[in-house]
1. I want to confirm something. Restricting to region 49-60 and keeping residues that are over 10 Å from the mean Cα position of the chain (by Cα) and surrounded by 16 or more Cβ atoms within 10 Å (Cβ to Cβ), which single residue is nearest to residue 122 (Cα to Cα)?
2. Suppose we keep only residues that are surrounded by 13 or more Cβ atoms within 10 Å (Cβ to Cβ) and modelled with pLDDT of 95 or more within region 144-160. Which one would you say is farthest from residue 94 (Cα to Cα)?
3. Looking only at region 71-106, filter to residues that are of a type in the set (D, E, K, R) and in contact (Cβ under 8 Å) with a residue 12 or more places away in the chain; which one of those is farthest from residue 32 (Cα to Cα)?
4. For the structure I just gave you, tell me whether residue 35 is part of a helix (DSSP H, G or I), under 19 Å from residue 6 (Cβ atoms) and either in contact with a Pro (Cβ under 9 Å, 6 or more places away or on another chain) or among the basic types (Lys, Arg) (or both).
5. Go through 67, 36, 72 for me and flag whichever is of a type in the set (A, V, I, L, M) and closer than 25 Å to residue 149 by Cα.
6. Looking only at region 11-29, how many residues end up being exposed (fewer than 14 other Cβ atoms within 10 Å of the Cβ) and closer than 24 Å to residue 77 by Cβ?
7. Closer than 14 Å to residue 31 by Cα, modelled with pLDDT of 95 or more and of a type outside the set (Asp, Glu): does that describe residue 133?
8. From the list 119, 146, 141, 136, which residue is of a type in the set (Val, Ile, Thr) and either outside any helix (DSSP H, G or I) or over 22 Å from residue 63 (Cβ atoms) (or both)?
Amino acid sequence: MRDIVFFAGSLIVIGLALAVTPYPLPWRLGGGGGLLILWAYGLWRAAGGALHPTSAVRLLPGHALLLLALGLVGSEAGFWAWTALPPLSLLRDLVRGRSLATAMYAILWLDIFALLHQVVALGRNMSGLPFVLWSVGTALVAILYVANGVRRLWKKGVVA
């Protein structure tokens, strides 16, 4: 039941984000296609009872909202960096080897932190010292978060 609510809610969030984001239609269709592929994959895994609670597919609504936020602040470069999120999430879920899984985890989360940095910096029109402080703070939090996650995955061995 929980998965049904998650995937129905995710589909609604994806639809709303794509409808509201001010990117050109071909960009929205491409981004929506990536999100829907990830959504269908997650639904397929959940139907087979194989979707792990810590699966990267669970980031799906956040990916859609991040696309919306990037569009609202007008970040074209952010859109292109965002396009890596759906395939990275899918690959992260498929990979079972410890080395590759930790690398995918690090790339995925560093991309997410970079995009969140972009949203806030552009949304607040930051420059000068505030921008530098925000950048350094975001980088420190991202490095600590990713390093902790990589350490946890590495100790775990084979990824579930």
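The values are calculated or read from the model by the stated rules, or taken from the named source; none is laboratory data. The structure presented is a predicted model; accordingly, all values stated were derived computationally and were not measured. Every residue, glycine among them, receives a Cβ derived from its backbone with ideal geometry; neighbour counts consider all protein chains shown.
1. By that ranking, first place goes to 55.
2. Top of the filtered list is 145.
3. 98
4. yes
5. 67
6. 8
7. No: the conditions fail for residue 133.
8. Working: 119 fails: either outside any helix (DSSP H, G or I) or over 22 Å from residue 63 (Cβ atoms) (or both); 146 fails: either outside any helix (DSSP H, G or I) or over 22 Å from residue 63 (Cβ atoms) (or both); 141 fails: either outside any helix (DSSP H, G or I) or over 22 Å from residue 63 (Cβ atoms) (or both).
So the residue among 119, 146, 141, 136 that is of a type in the set (Val, Ile, Thr) and either outside any helix (DSSP H, G or I) or over 22 Å from residue 63 (Cβ atoms) (or both) is 136.
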